[in-house]
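Chemist: Just passing along the structure, written as structure tokens.
Every read-out reported here was derived from the displayed coordinates using simple, explicitly stated rules and does not represent laboratory data. Just so it is clear, the structure is predicted and the values come from calculations on it, not from any experiment. We place every Cβ from the backbone using ideal geometry, glycine too, and count neighbours over all the protein chains shown.
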Amino acid sequence: MNFVHSTKILCVCVIVCAPSFALPQAQTKLIEWQAKPMGSNERWADGTQRFRILERIEIMNLTVGKPITMGQEFTADDDWLRDLVIRVRNISGQQVASIQVTLVLPQMGPGSPDVVYCYGCAAAEKHKGIAAGEAVDLKMIGGEFYDFVKSRAAEKGGIGQINKAQIRDMYVKLPDNSRWVSGCIKTLDIKNACPLIVP
């Protein structure tokens, strides 16, 4: 076999085999509310007030590289959970210390890890708080947390197999250490609205 012929075979093999070396392609993902968001407008003994609908904080939008809509499929790569940003506004008329949204992964069943997005949890943010009327971005808590989520997802075939997440609750901490919590939160866009709000 001469050199030119061998080179042609090699080139054909590289072209044919190239897709196997390509990065994973974007796949369809979904973020949605739980079918029955928790909340009962009652105060717990530990200073936590649970709301059927939390209207003191407003979800402005959600992005995974680009804006997405709750309950509508979108395309994203395997690291979509890491890249999710939830923008919220404090419309309570008072200062709050931190805002946290927790997602769960229904494909993992009862063993799903709590996937936490927060503003005010990081050391650099704790002293700032969120003023009345202020908007902030909730991002996945730092450190090795995403590695933990991926290790748990490995039990179900890997992070690439996880294509759905549900909002379990929003947890708001006040400067006096009291808290608000609800599984249904007011949204700026009616298309993102919690099922308890939609008629």
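Chemist: Please give, to one decimal in nm, the separation of the simple spin-label points placed at SER178 and GLU125, each 7 Å out from Cα toward the Cβ.
Modeler: Placing both labels 7 Å along Cα→Cβ, they lie 2.4 nm apart.
Chemist: Using only the Cα atoms of segment 75-129, construct the convex hull and provide its projected area averaged over every direction, in square nanometres to one decimal.
Modeler: Its average projected convex-hull area is 5.5 nm².
Chemist: At 0.36 nm per residue, minus the direct Cα-Cα distance, what do GLU155 and ILE141 gain on full extension? Give it in nm, one decimal, please.
Modeler: 2.9 nm
Chemist: Another question about this same structure. Taking 20 °C and 1.002 mPa s as the conditions, I'd like the Stokes-Einstein D for segment 25-192 in µm²/s, using the Kirkwood hydrodynamic radius from alpha carbon pairs.
Modeler: Value of D from the Cα-based Kirkwood radius: 131 µm²/s.
Chemist: For a label point 7 angstrom out from the Cα of THR48 toward its Cβ, which stretches of segment 143-166 have the backbone nitrogen within less than 19 Å?
Modeler: Once the point is set 7 Å along Cα→Cβ of THR48, 166 turn out to lie under 19 Å by backbone N, inside segment 143-166.
Chemist: If you don't mind, there's one more thing I want to ask. What number in nm² do you get for segment 116-161 if you take the convex hull of its Cα atoms and divide its surface by four?
Modeler: Seen from a random direction, the Cα hull of segment 116-161 projects 4.0 nm² on average.
Chemist: If you don't mind, there's one more thing I want to ask. Using 7 Å Cα-to-Cβ label points, what is the LYS36/ASP77 separation (nm, one decimal)?
Modeler: 4.0
Chemist: Let me ask something else. For segment 91-199, give the magnitude of the charge dipole about the Cα centre (Cβ charges: +1 Lys/Arg, -1 Asp/Glu; no others), in debye to the nearest 20.
Modeler: 180
Chemist: Right, another one. Sequence gap at least 6, Cα distance under 8 Å: using those rules, report the relative contact order of segment 25-192 to the nearest whole percent.
Modeler: 34
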